[in-house]
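Here, each number is a calculation from the coordinates, and none is a lab measurement. This structure is a prediction, so every number in the text was calculated from the model and none was measured. Methodologically, a virtual Cβ is constructed for each residue, glycine included, from the backbone with ideal geometry; neighbour enumeration extends over all protein chains shown.
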Amino acid sequence: MFSAFLNFISRLYGAVIGILVSAGLGFLLWASWGLYREEVLAGRFRREGRPVSVTVAETSDEPRSWRDHLGNVTYLTFRYRQQPYTARFVTDTLRVGQGDRLSLLYHAGLDAFRQPGQPVHFTKFTGTSRLVKWTVLYSLSEENKWLFACAFLGVSFFLLSTGTLATITGWHFLPGSGYALLVVALLGGTAFLTYDSWQYVQYYGHLKAHGRPAQVPVVRADRHSYFTRGSRGSQSYRYTATVTWEGQERVIPLEEARYGELVPGDALPVLYDPVLDDLMPADYTMDYREFPLTVIAWGLTLYFLWRKITRRPRAPRTTPAGPNELPGR
């Protein structure tokens, strides 16, 4: 009886955690989809809109959307061609008041105004080589980044929410498909990691083959922890060098051996590719720590595919015959 009670508490705890995490993922999915649509709309304004100077007639700081709580937002009212318009304006660095003149983007097809720039954007590593923290996602447009986030959150929300419902009710909403969905998700993740690793090899090869030799002064060399392993703190490190290139500081990858040799002011031989606008040390070798996750993903995918192919179908359940019934009736 005590074991049954513990089993009930365990299932209840798992169900509560599953509900909370599913709700969080659902909210993030809803918010990401809204931001994706906003980025699509902002892209239309950037491509098809034209700048128009307007004079602010009225301002309102009252929030009209959940996004207004992410920053200091003011709604501007003004007239253009004798017609009243209202535009959302982020005032994090600029305070706008009545009578001010601003340049906004006007889209004739939508007959609407919008503040220039991107509404919400991912972190941009300006001045840092893409080889330092590689991911192919940095090369995607803001629109595609939000779309990728929506796809990832959507798959995660679906798998977790259906699993939580199955735990609570004991019902299998999609009999036999849970395993297939897991395999499909693994295939998608493995395909992305494979493409990401391949692009890393291509990017490094292009910089190595087409980079222009140069000498740059070193500002400093830094060491960053990849992860800590074990109770004694065994660590793996990533090394970078901050150098001066054309009057600006740039962060580039560095070999471990070079980290102990460089001092501020040293001249470091580098390769610079103007097409990529990126540079790396001339003797820098490929960082093979970018590949283990891809290998692990392939191992898991092949394992689950093999289990899916070789798994035998379950035998149908039979109801025991009653004392006055013949078997099979």
TRP306 versus ALA108: modelled label distance in nm, points set 7 Å from Cα along the beta carbon direction: 6.4 nm
Volume in Å³ per residue [convex hull over Cα atoms, computed for region 1-106]: 133 Å³
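Please state, to two decimals, what the Cα-based radius of gyration of region 50-107 comes to when divided by 2.2 N^0.38 Å (N = residues).
Details: Rg = 11.3 Å, N = 58, 2.2 N^0.38 = 10.3 Å.
For region 50-107, the normalised Cα radius of gyration comes out at 1.10.
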Region 50-107, dipole about Cα centre (Lys/Arg Cβ +1, Asp/Glu Cβ -1), debye to the nearest 20: 300 debye
Amide H partners (placed H, <5 Å) of VAL73, local residues excluded: THR91
Rough spin-label spacing in nm, given labels placed 7 Å along Cα→Cβ, for ALA4 and THR91: 6.5 nm
Footprinting exposure proxy for TYR303, TYR200 (fewest neighbouring C-beta atoms within 10 Å first): TYR303, TYR200
Most positive-pole-ward Cα, GLY71, VAL96, THR86, against dipole of region 50-107 from beta carbon charges: THR86
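With r as the distance between the Cβ atoms of ARG64 and ILE296 and R0 = 41 Å, compute the FRET efficiency 1/(1 + (r/R0)^6) and round to 0.05. Before the final figure, lay out the partial values.
Working: r = 46 Å, r/R0 = 1.13.
Efficiency for this residue pair is about 0.30.
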